Amino acid sequence: RLLIDGYQIEHNGLCTTVFSAPNYVDQGGNKGAFIRINSTGDQKYFQFEAQPHPPLKPMAYVQGGLGSMFM
C-alpha cells in the first residue's frame, strides 16, 4: 500500500510496513523508504524522494522473455 512517508510503524512497533517506490506511478507524491537492521536489532529508517526518469522508452532494459513481445 502507498505510504506518504515511505514507511509506517504499527502495533506498538511490532509491525513495520515499507513502501520503497517513491512517487508511485508518477502520481502518488509519496517518499520511498528502506530500513537497516543491525546485528543487535537496532533499526534505522531512511527516506528518499523520487528522481526524474531517464530519457528511455518503457521496457528499454528488458531482453528476451515477455518483454521482447512489446518492443
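Whenever a residue of segment 33-60 is open to solvent by less than 100 Å² (accessible area, probe 1.4 Å), its partners that are of a type in the set (S, T, N, Q), lying with C-beta atoms within less than 8 angstrom and at least six residues away or across chains, give the pairs A33/S20; A33/Q47; F34/S20; I35/T16; I35/Q43; Q43/T16; A50/N23.
Here is the figure for segment 10-32: residues that are loosely packed, with under 13 Cβ neighbours inside 10 Å, of a type outside the set (D, E) and farther than 24 Å from P58 by Cα total 6. Listed by first and then second residue, the pairs with beta-carbon distance under 6 Å, at least 6 apart or on different chains, first residue in segment 18-32 and among the charged types (D, E, K, R), second surrounded by 15 or more Cβ atoms within 10 Å (Cβ to Cβ), are K31/G6; K31/P22. The set of residues in segment 31-41 that are part of a loop (DSSP other than H, G, I, E, B) and modelled with pLDDT of 95 or more comprises K31, N38, S39, T40.
The values are calculated or read from the model by the stated rules, or taken from the named source; none is laboratory data. It should be emphasised that the depicted structure is a prediction, and the values quoted were computed from it without experimental measurement. Cβ: placed from backbone, ideal geometry, glycine included. Neighbour counts: every protein chain shown. Accessible surface is based on the protein model in full, side chains and every heavy atom, while ligands, DNA and RNA are left aside. Shrake-Rupley method; radii C 1.70, N 1.55, O 1.52, S 1.80 Å.
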